[in-house]
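A.B. asks: Quick one: the structure is below, questions incoming.
The values are calculated or read from the model by the stated rules, or taken from the named source; none is laboratory data. All figures in this text were calculated on a predicted structure; none of them were measured in a lab. With ideal geometry, Cβ positions are generated from the backbone for all residues, glycine too; neighbour counts draw on all protein chains shown. For accessibility, only protein heavy atoms count, side chains too; no ligands or nucleic acids. Shrake-Rupley method; radii C 1.70, N 1.55, O 1.52, S 1.80 Å.
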Amino acid sequence: MNTEYIHEFVVLAETKNFWEASERLFMNQSTLSKHIKALENYLGVPLFTRTTRRVELTDYGLAYLPYAKTISDTEYEGLTAIKRLQNIANGLLTLGTFPSMPQYQVTSLISQFQNQYPNVTVRVTEDDPINLKRYLENKTCELVFTRETKADFENNFLKNEQIKRIPYLKDRLVALIPKLHPLSEKSELTLQELKNENFCLIKEGSLMYEIGIDACRRAGFIPNVIFTSHRIDSILDMVSTQNCVALLMDKHLTAPTNGLKNIHEEVLWTYVPIIPEINSQISICYDGTVSLSKTAQLFVDFCTSKLFEIK
């Protein structure tokens, strides 16, 4: 049995149209039809009833479909696992990181590492910290830079032996306020002082959104969130032009390589630290139950040697 034919059967079952299925599979309709017929001959039963425009699964096709999906998915996962190992053997480092890499000097670290080891290739996947741990679990990434709240970090660092953590940076929550706002001259702010403001936050479903919402709830109120975005520049613009307050981390705004230097001179906002302090911990994480590849270990050692410079 040709497993490619099984995958083609799954696609045709989903589209119920030879033309659409052949387009998705990058093959002509005649070849697809021959492959489906060959699969039906092998199984000894018809999988589809055919009309001039559409096809429908027969009872045999309906019964076979979940098994065909399992075969197709398992083959893809197996091939992906082999390709992943080949890439690692060839020196590829798969690295996951949260957004805002330049502000946290992750981009600079990768560049310095590749300058020191020019034969190494680094593949970077950017996602929210909420999703990055999954990348370690399914081996999409061998290492990740991720963010945790201080409490979560301390709890996980002590109790979770599967995920190994190398503390990288710590940052703290700040409020972005229009410069003409009455509170903009203060050196520190409590969230209670901001409870009647309109808020801008990083997009819903992100860790930064959860940190902001949770901090406000702990301060005794539910914030009136009028804007969310994954783009920090959009949030800065809302604070400047719409008289809103935003909650971000100080490292989002203070790193010299974050590309915001010129914007600082133009926009009409300032940022004030929140008290009591609300911190998050940035760590380099990896699966402690398996040995790191040579390239990943080189990167961990390289980053460890750079930590004092960064801090």
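A.B. asks: Of 13, 79, 62, which is farthest along the charge dipole of the stretch 1-84 in the positive direction, counting Lys and Arg as +1 and Asp and Glu as -1 at C-beta?
C.D. replies: Highest projection toward the positive end goes to 13.
A.B. asks: If you don't mind, another one. Filter the chymotrypsin sites (Phe, Trp or Tyr not before Pro) in the stretch 204-234 to those in DSSP coil with at most 13 other Cβ atoms within 10 Å of their Cβ, and list the result.
C.D. replies: Details: sites: 209, 221, 227; in loops: 221.
Hits after loop and neighbour filter: 221.
A.B. asks: Rounded to the nearest 0.05, what FRET efficiency do residue 24 and residue 137 have when you use their Cβ-Cβ distance and R0 = 41 Å? Before the final figure, lay out each step's value.
C.D. replies: Numbers: r = 29 Å, r/R0 = 0.71.
So, using R0 = 41 Å, E works out to roughly 0.90.
A.B. asks: Further, regarding this structure: Kirkwood Rh, Cα Rg: Rg to Rh for the stretch 133-186? Walk me through the numbers before you get to the answer.
C.D. replies: Working: Rg = 17.2 Å, Rh = 14.2 Å.
The Rg/Rh ratio comes out at 1.21.
A.B. asks: Accessible area per residue of the chain at 1.4 Å probe, in Å²?
C.D. replies: Working: 17030 Å² over 311 residues.
Normalised by residue count, the accessible surface of the chain is 55 Å².
A.B. asks: While we're looking at this one, here's another question. Search the structure for amide H atoms under 5 Å from the amide H of residue 224, placed 1.01 Å from N in the peptide plane, and list their residues when 5 or more places away or on another chain.
C.D. replies: 199
A.B. asks: Another question about this same structure. Could you calculate the contour length gain from residue 268 to residue 116, that is, 0.36 nm times the residue separation minus the distance between their Cα atoms, to one decimal place in nm? Write down the numbers at each step before the final one.
C.D. replies: Values: separation 152, 0.36 × 152 = 54.72 nm, distance 4.11 nm.
Between residue 268 and residue 116, full extension yields 50.6 nm more.
A.B. asks: Further, regarding this structure: Which of the three applies to the stretch 156-254, rounded, prolate or oblate, going by the alpha-carbon gyration tensor with a ≥ b ≥ c and a/c under 1.5 meaning rounded? Write down the numbers at each step before the final one.
C.D. replies: On the way: a/c = 1.87, a/b = 1.78, b/c = 1.05.
Prolate.
A.B. asks: Follow-up question, since we're still on this one. Compute the helix-to-body angle for 207-218: its Cα long axis versus the longest principal axis of the chain, expressed 0 to 90° and rounded to tens.
C.D. replies: So the inclination is approximately 50 degrees.
A.B. asks: What FRET efficiency comes out for residue 45 versus residue 75 if R0 is 30 angstrom and r is the Cβ-Cβ distance? Round to the nearest 0.05.
C.D. replies: Values: r = 22 Å, r/R0 = 0.74.
My answer for the efficiency is 0.85.
A.B. asks: Please give the charge dipole size of the chain, origin at the Cα centre, charges +1 on K and R Cβ atoms and -1 on D and E Cβ atoms. Round to the nearest 20 debye. Mind dumping the intermediate values first?
C.D. replies: Working: 33 positive and 37 negative charges, 74 e Å.
Dipole of the chain, to the nearest 20 debye: 360 debye.
A.B. asks: Scan the stretch 1-90 for chymotrypsin sites (Phe, Trp or Tyr not before Pro) in coil per DSSP, keeping those whose Cβ has at most 13 other Cβ atoms within 10 Å, and list them by number.
C.D. replies: Details: sites: 5, 9, 18, 19, 26, 42, 48, 60, 64, 67, 76; in loops: 26.
Counting only loop positions with at most 13 other Cβ atoms within 10 Å, the chymotrypsin sites (Phe, Trp or Tyr not before Pro) in the stretch 1-90 are 26.
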